Each structure stands twice: as C-alpha cells, then as structure tokens.
Amino acid sequence: MDRFLSEKSINPNELSPLTLAFIGDTVFDLLVREDIICDANRPANDLHNLAVRKVKASAQAAFVEKLMPYLTEKEISVYKRGRNAKSGHLPRNASQSDYHMATGFEALFGYLYLSGETDRVRELYAIISEAENEEIKEP
C-alpha cells in the first residue's frame, strides 16, 4: 500500500489531526474492503454491510484499545492529537467517546500512510484482524 495516487511530498507533522483523519478514514476503508473481497466474492450489498461493521466509530474505538499496547510513543501522540481534535461535528450513530477515539484512530492511519510507513499500516491492520479472529474463536 504505497502512496500510489500522488507523487507530491507532504509533511504529515504539519497537517491538522482532522486532515490526517480525513485521509486515514480512506486508508483504513481501503484495507477493510480489500480484506473482505479477498475472503470471498459476495453481492455488493453484503460487501457493504461487512465493511460498515469494521469502519463504524464503535468498531474503530474497540480497535484502538487492541492496538494501544503495540503503539510507539509517537503513534500514541498522533492518536491523542486526533482524539482530542474539535471537529464541530456531533456523531449521529456513535457515542461522543467512540467518535473521538475513531477520529484518533483514523488520524494515526493517515499519519502513517502520509509518512510512507505503509508496512506499519499493514502491521497494525494485521493486529486488528488477528484480534478479531481470536474473538470469533472464543465461545
């Protein structure tokens, strides 16, 4: 998942956390969609419903909790900047807490992507996927 859409360079440290979350939302969404279609060819509505389960704020907030032990100090700092950002937006289908955690989560993915740390993005996504698979196995 290299930066493939633009050859422009950008310093993600100079971007607002909400800008990082803006791109991070898309990065995470792409990972989820790719993962889903690699599992099986399904009708588009089924694909959409599966994706929504992972990209909604409550799911992303749960993912943050699973990732915290694996994050570096810098990554935690980026996450907190995103979590604490004031968007001026009230969530419709999420608690305020989940919404802020999800914004931090997306900011982290955006930061890593724009920093060219795509291997780290994949690594964090693998941790999330592994944790989900473990939860499915538990009775």
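The values are calculated or read from the model by the stated rules, or taken from the named source; none is laboratory data. If you're wondering where the values come from, they're calculated on a predicted model, not measured in any experiment. So basically every Cβ, Gly included, is an ideal-geometry build from the backbone, and we count neighbours across all protein chains shown. Keep in mind that these areas ignore ligands, DNA and RNA; they rest on the heavy atoms of the full protein, side chains included. Shrake-Rupley method; radii C 1.70, N 1.55, O 1.52, S 1.80 Å.
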**Report entry** Filtered residue count, the range 1-24, keeping only those that are within 16 Å of E117 (Cα to Cα), part of a helix (DSSP H, G or I) and either open to solvent by less than 70 Å² (accessible area, probe 1.4 Å) or modelled with pLDDT under 85 (or both)
**Finding:** 5
Report task. Might you let me know whether the range 66-86 holds any residue that is in a helix (DSSP H, G or I) and touching a Pro at 6+ places or on another chain (Cβ under 6 Å)? Result -> yes
Query raised in the report: Counting only residues that are more than 15 Å from F109 (Cβ to Cβ) and open to solvent by 80 Å² or more (accessible area, probe 1.4 Å), which one in the range 57-80 is farthest from the chain's Cα centre (by Cα)?
Result: E73
Report task. Residue by residue through the range 25-62, note down the ones that are touching a helix residue (DSSP H, G or I) at 6+ places or on another chain (Cβ under 9 Å) and under 18 Å from T118 (Cα atoms). Result -> D25, T26, V27, F28, D29, L31, V32, R33, D35
Report task. Could you give me the residue pairs with C-beta distances under 6 Å whose first residue belongs to the range 1-28 and is within 16 Å of L108 (Cα to Cα), whose second residue is modelled with pLDDT of 95 or more and open to solvent by 60 Å² or more (accessible area, probe 1.4 Å) wherever it lies, and which are 6+ apart or on separate chains? Result -> P17/R81
Query raised in the report: So how many residues does the range 84-113 have that are farther than 14 Å from F28 by Cβ and either touching a residue at least 60 places away in the same chain (Cβ under 8 Å) or surrounded by fewer than 18 Cβ atoms within 10 Å (Cβ to Cβ) (or both)?
Result: 13
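Is at least one residue of the range 31-49 open to solvent by less than 60 Å² (accessible area, probe 1.4 Å), under 21 Å from I127 (Cβ atoms) and without any contact (Cβ under 8 Å) to a residue 60 or more places away in the chain? Walk me through it before giving the result.
Our first condition is that a residue be open to solvent by less than 60 Å² (accessible area, probe 1.4 Å); within the range 31-49, this holds for 31-32, 35-36, 40, 47.
Narrowing the set further to residues that are under 21 Å from I127 (Cβ atoms) leaves 31-32, 35-36.
Next cut, without any contact (Cβ under 8 Å) to a residue 60 or more places away in the chain only: 32, 36.
Looking through the range 31-49, at least one residue is open to solvent by less than 60 Å² (accessible area, probe 1.4 Å), under 21 Å from I127 (Cβ atoms) and without any contact (Cβ under 8 Å) to a residue 60 or more places away in the chain.
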Query raised in the report: Checking F28 against (1) open to solvent by 90 Å² or more (accessible area, probe 1.4 Å); (2) of a type outside the set (V, I, T); (3) at pLDDT 95 or above, which single condition isn't satisfied?
Result: (1)
